[in-house]
Amino acid sequence: MAGPSMDLLRFATAGSVDDGKSTLIGRLLLDSKSIFEDQLEAVEMTSKSRGYDYTDLALLTDGLRSEREQGITIDVAYRYFATPRRKFIIADTPGHVQYTRNMVTGASTADLGLVLVDARQGLTEQSRRHAVILSLLRVPHLVLCVNKMDLVDYSEDKFNEIHAEFTSFATKLAIPDLTIVPISALKGDNVVTRSQDMDWYSGPSLLHHLENVHVASDRDLVDTRFPVQYVVRPKSDEYHDYRGYAGRVAGGVLKPGDEVLVLPSGMTSKISEIDLFDKQLDEAFPPMSVTVRLEDDVDVSRGDMICRPQNAPQPSQDIDAMICWMSSTPLRPRQKLSIKHTTRTARAMIKDVQYRLDVNSLHRDLETKELVLNEIGRVQLRTTSPLLCDPYEKNRTTGSFILIDEATGVTVGAGMINTAS
Amino acid sequence: MTVHADYRLSQLAELEAESIHIFREVAAEFEKPVLMFSGGKDSIVMMRLAEKAFFPAKIPFPVLQVDTGYDFPEVLETRDHWVDRLGVRLVIASVEAAIANGVVVDDGKTSRNRLQTGTLLHAIEEEGFTAAFGGGRRDEEKARAKERVYSHRDDFGQWDPKNQRPELWSLYNGRIHAGEHMRIFPLSNWTELDIWYYIGAEEIDIPNIYFAHQRRVFRRDNMLYSESEHNPLRRGETVEERTVRFRTVGDITLTGCVESNADTIAAVIGEIAVARVTERGETRGDDRFSEAAMEDRKREGYF
């Protein structure tokens with residue numbers, strides 16, 4: 001069970017009911033003893049009343065009534081389980097309805113992406129699309145589960161065929177770490193324990209891989225980035241002169257004594273203390289939430305960024321980004337939106353839609369000048385005030401932003417910065 | 001909590017960092033936040049996280065308690081202790097007063113738990129709160145698994161599960177129109193066990209009814225309830241003394257207890273780690289009414 005010192009892995013799953021994704025998640029929850037008796041009983045009862053021959057583990061993850069009625073998953077759902085080694089947070093996204101919007105959302109916080117294919121069908125347009133989205137969101141680890149191996153007689157040839165096809169497809173994508181596992185979610189083969197029926201497979205079971213994949217090094221520990229969230233000023237007698245800059249470390253390792261540069265003002269100072277509640281720390285690194293104090297009385301406020309004099313993000317009002325559009329009203333040039341990037345909010349105007357990316361074929365459609373719901377494209381925008389940007393491929397925190405419709409207040413787009421100038 | 005040598009945070013430290021980030025983001029972006037404090041363990045952990053987020057400054061928002069009139073006295077004691085220690089303003093929204101003022105109607109059939117919703121929404125509107133922190137966790141219940149950290153509520157305080165805003169990275173969208181408010185769930189990614197490990201690691205003061213104690217109880221619908229003037233016995237029910245503890249804490253008429261000898265945090269953790277029934281399934285009468293009980297109450301504006 002989740003001990004206090006174990007670490008955390010966030011992973012996103014994608015796939016439709018037919019791929020057995022819900023069954024796989026149900027299996028992971030059940031075999032790691034994260035399902036409780038009352039939950040299992042409810043699912044067993046429903047399965048029986050629907051006349052199924054076996055307990056449909058997929059029912060464990062169908063949360064809302066309308067989903068149970070329609071037998072589909074509407075939205076991203078978060079699930080939790082733990083083994084003695086790790087705690088896991090699953091962002092479970094549906095494969096069909098609103099798939100891009102939901103998958104982009106689920107993948108945005110994931111350390112690892114899990115794609116399922118049906119061994120009988122091999123790679124489909126949908127599984128390629130899932131891999132493309134995970135690579136666009138720079139999810140550092142990808143696992144392809146070749147599921148339903150029991151239905152192809154645990155055939156090594158079949159597995160090798162899919163393995164080769166996917167590996168060759170993946171060379172076109174940014175996937176730093178790829179693992180391919182033959183499984184049967186229904187029977188439990190290679191999910192938690194190694195399969196007895198696939199002695200030709202020498203790799204780890206899925207859970208073993210999830211427990212051991214190394215994720216700490218995925219975070220940038222070199223380029224110091226500390227977006228200031230909130231200024232702590234107690235205004236009490238005891239802490240009369242206290243002035244601390246609270247935030248979450250987005251990159252690098254901060255230490256007392258470090259020389260720092262504050263953007264956008266360009267002023268420099270040194271870190272005097274790093275506070276976490278009533279303790280002073282020797283260092284702070286992502287994703288810690290701390291309060292930084294500086295030696296000099298410089299003017300720092302929310303939206304500013306503390307970085308190093310020789311290593312700073314680019315302040316820019318002209319941004320080139322990949323945008324996933326999430327609204328039923330299309331994105332068009334000259335449209336004005338609100339943009340939130342780290343702790344900074346500004347207004348932005350769409351200057352140009354350069355191309356629309358076909359997430360199935362990776363084809364770039366240069367003719368289109370708009371993006372409709374669930375489309376991804378390369379867009380140029382101009383902001384009213386400078387954002388302190390890094391390319392998304394270097395830093396997922398300082399390289400990402402959301403777009404908000406100014407009238408409705410709804411989040412309508414997710415952006416990943418290519419370059420800022 | 002552990003920081004590993006290779007710049008890894010323990011999962012508990014990572015959850016803490018995420019929650020602190022959320023508290024600060026809300027304090028920076030919302031005009032009038034409030035922390036909904038029930039006195040239960042989750043809301044006490046929220047208090048602790050808020051204390052840490054703004055230290056050495058005081059928590060920059062008040063706490064709101066919906067007083068059902070049926071609360072455990074031990075819980076109210078703990079509440080007062082926390083409020084005093086942190087020096088925060090306490091706003092009490094009383095269900096009794098709401099009934100007296102006609103804000104909600106007590107028809108004698110509706111539970112106090114259900115009447116809380118109207119009382120709460122009225123208090124939020126009266127005081128003009130724009131953001132309300134709640135202790136809900138996504139592991140609690142299926143409907144909660146899909147709730148956002150920032151959960152938008154319309155003019156009527158309603159949650160629309162099919163029309164939620166996408167929530168990406170750690171970029172929270174706090175836009176609301178006048179009259180609307182946002183529910184904020186900083187413990188979204190915590191599990192029941194995480195809460196207990198954190199209470200242990202931080203030596204957090206929680207009501208003693210979470211630990212094994214002697215109590216006069218009776219059995220109803222296969223759950224053990226505390227003897228109380230608010231919960232008259234029905235035909236055939238008898239009171240007996242048992243060694244019990246509470247796994248969740250709510251309205252005394254709806255919160256069941258479990259037989260347990262766990263009188264320390266370590267013993268409670270040991271018990272939960274091998275528990276085979278969810279905390280809500282085991283001890284909350286309010287979630288048992290129908291398969292979609294929680295979903296319905298959430299749509300109406302419940303916590």
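The values are calculated or read from the model by the stated rules, or taken from the named source; none is laboratory data. Just so we're clear, the structure is a prediction, and the values are computed from it rather than from any experiment. Glycine gets a Cβ as well: all are built from the backbone with ideal geometry, and neighbour counts include every protein chain shown. Heavy atoms of the whole protein, side chains included, go into the accessibility calculation; ligands, DNA and RNA do not. Shrake-Rupley method; radii C 1.70, N 1.55, O 1.52, S 1.80 Å.
For region A:315-330, which residues satisfy the criterion of being away from chain B (no Cβ under 14 Å) and either under 23 Å from the mean Cα position of the chain (by Cα) or farther than 26 Å from A:Arg129 by Cβ (or both)? Break it down stepwise before answering.
Step one: list which residues in region A:315-330 are away from chain B (no Cβ under 14 Å), which gives A:315-320, A:329-330.
Result: A:Pro315, A:Ser316, A:Gln317, A:Asp318, A:Ile319, A:Asp320.
It is to be established whether one or more residues within region B:34-50 are away from every other protein chain (no Cβ under 14 Å), touching a His at 6+ places or on another chain (Cβ under 7 Å) and either under 22 Å from B:Pro207 (Cβ atoms) or without any contact (Cβ under 8 Å) to a residue 60 or more places away in the chain (or both). No: zero hits. The strands (runs of 3 or more DSSP E) located wholly in region B:1-116 that include 1 or more residues which are under 25 Å from B:Val249 (Cα atoms), of a type outside the set (A, V, I, L, M, F, W, C) and open to solvent by less than 20 Å² (accessible area, probe 1.4 Å) occupy B:33-36, B:63-67. When region A:221-237 is filtered for residues that are within 7 Å of chain B (Cβ to nearest Cβ) and either farther than 18 Å from A:Leu263 by Cβ or not in a strand (DSSP E or B) (or both), the ones remaining, listed by number, are A:Leu221, A:Val232, A:Arg233, A:Pro234. Kindly provide the set of residues from region A:238-249 that are in a strand (DSSP E or B) and under 25 Å from A:His141 (Cα atoms), ordered by number. Residue satisfying the conditions is A:Arg248 alone.
Got a number for residues in region A:158-177 being among the basic types (Lys, Arg) and at pLDDT 90 or above?
Taking region A:158-177 first, the residues among the basic types (Lys, Arg) are A:158, A:172.
If we keep only those that are at pLDDT 90 or above as well, we get A:158.
Matching residues across region A:158-177 total 1.
Residues A:Val372, A:Val353: which one is free of Cβ contacts under 8 Å to residues at least 60 places away in the same chain, open to solvent by less than 20 Å² (accessible area, probe 1.4 Å) and away from chain B (no Cβ under 14 Å)? Exactly one of A:Val372, A:Val353 is free of Cβ contacts under 8 Å to residues at least 60 places away in the same chain, open to solvent by less than 20 Å² (accessible area, probe 1.4 Å) and away from chain B (no Cβ under 14 Å), namely A:Val353. Taking region B:198-262 as the region of interest, the strands (runs of 3 or more DSSP E) fully inside it that hold 1 or more residues being of a type in the set (A, V, I, L, M, F, W, C) and within 14 Å of another protein chain (Cβ to nearest Cβ) are B:223-226, B:257-259. Would you tally the residues in region A:314-345 being under 15 Å from A:Ala407 (Cα atoms) and part of a strand (DSSP E or B)? Of the residues in region A:314-345, 5 are under 15 Å from A:Ala407 (Cα atoms) and part of a strand (DSSP E or B).
Residue-wise test of (1) in contact with a His (Cβ under 9 Å, 6 or more places away or on another chain); (2) over 22 Å from A:His130 (Cα atoms); (3) not basic (Lys, Arg).
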{"position": "A:Glu370", "(1), (2), (3)": "no, yes, yes"}
{"position": "A:Thr383", "(1), (2), (3)": "yes, yes, yes"}
{"position": "A:Pro386", "(1), (2), (3)": "no, yes, yes"}
{"position": "A:Ile404", "(1), (2), (3)": "no, yes, yes"}
{"position": "A:Val412", "(1), (2), (3)": "no, no, yes"}
{"position": "A:Gly415", "(1), (2), (3)": "yes, no, yes"}
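For region B:148-185, residues that are within 10 Å of chain A (Cβ to nearest Cβ) and among the small types (Gly, Ala, Ser) total 2. The single condition among (1) surrounded by fewer than 24 Cβ atoms within 10 Å (Cβ to Cβ); (2) within 18 Å of the chain's Cα centre (by Cα) that A:Arg382 does not satisfy is (2).
Does any residue of region A:178-191 turn out to be under 24 Å from A:Pro391 (Cβ atoms) and modelled with pLDDT of 95 or more?
Restricting attention to region A:178-191, the residues satisfying the condition of being under 24 Å from A:Pro391 (Cβ atoms) are A:178.
Imposing the further condition that a residue be modelled with pLDDT of 95 or more reduces the set to A:178.
Yes, there is a match, as at least one residue in region A:178-191 is under 24 Å from A:Pro391 (Cβ atoms) and modelled with pLDDT of 95 or more.
For beta carbons closer than 6 Å, sequence separation of 6+ or different chains, a first residue in region A:193-214 that is surrounded by 14 or more Cβ atoms within 10 Å (Cβ to Cβ) and a second that is among the aromatic types (Phe, Trp, Tyr), the qualifying pairs are A:Asp197/A:Tyr154; A:Met198/A:Tyr154.
What number of residues in region A:283-293 are open to solvent by 20 Å² or more (accessible area, probe 1.4 Å) and either farther than 23 Å from A:Asp241 by Cβ or aliphatic (A, V, I, L, M) (or both)?
1
A:Ser217 meets all of the listed conditions (1) of a type in the set (Ser, Thr, Tyr); (2) in a loop (DSSP other than H, G, I, E, B); (3) within 17 Å of A:Arg396 (Cβ to Cβ) but one, namely (2).
Among the residues of region A:407-421, is any under 18 Å from B:Tyr150 (Cβ atoms), open to solvent by 40 Å² or more (accessible area, probe 1.4 Å) and either in contact (Cβ under 8 Å) with a residue 24 or more places away in the chain or within 10 Å of another protein chain (Cβ to nearest Cβ) (or both)? The answer is yes, given that some residue of region A:407-421 is under 18 Å from B:Tyr150 (Cβ atoms), open to solvent by 40 Å² or more (accessible area, probe 1.4 Å) and either in contact (Cβ under 8 Å) with a residue 24 or more places away in the chain or within 10 Å of another protein chain (Cβ to nearest Cβ) (or both). Taking every residue in region A:267-279 that is of a type in the set (Ser, Thr, Tyr) and pairing it with any residue that is open to solvent by less than 40 Å² (accessible area, probe 1.4 Å), at least 6 positions away or on another chain, the pairs with Cβ-Cβ distances below 8 Å are A:Thr268/A:Val260; A:Thr268/A:Leu261; A:Thr268/A:Val262; A:Ser269/A:Val260; A:Ser269/A:Val262; A:Ser269/A:Leu294; A:Ser269/A:Val298; A:Ser272/A:Leu294.
Looking at region B:117-134 only, could you name the residues that are away from chain A (no Cβ under 14 Å) and open to solvent by 20 Å² or more (accessible area, probe 1.4 Å)? The answer is B:Gly118, B:Leu121, B:His122, B:Glu125, B:Glu126, B:Glu127, B:Gly128. Would region A:45-58 turn up any residue that is at pLDDT below 85, within 11 Å of chain B (Cβ to nearest Cβ), open to solvent by 20 Å² or more (accessible area, probe 1.4 Å) and more than 24 Å from A:Gln126 (Cβ to Cβ)? Taking every residue of region A:45-58 in turn, at least one turns out to be at pLDDT below 85, within 11 Å of chain B (Cβ to nearest Cβ), open to solvent by 20 Å² or more (accessible area, probe 1.4 Å) and more than 24 Å from A:Gln126 (Cβ to Cβ).
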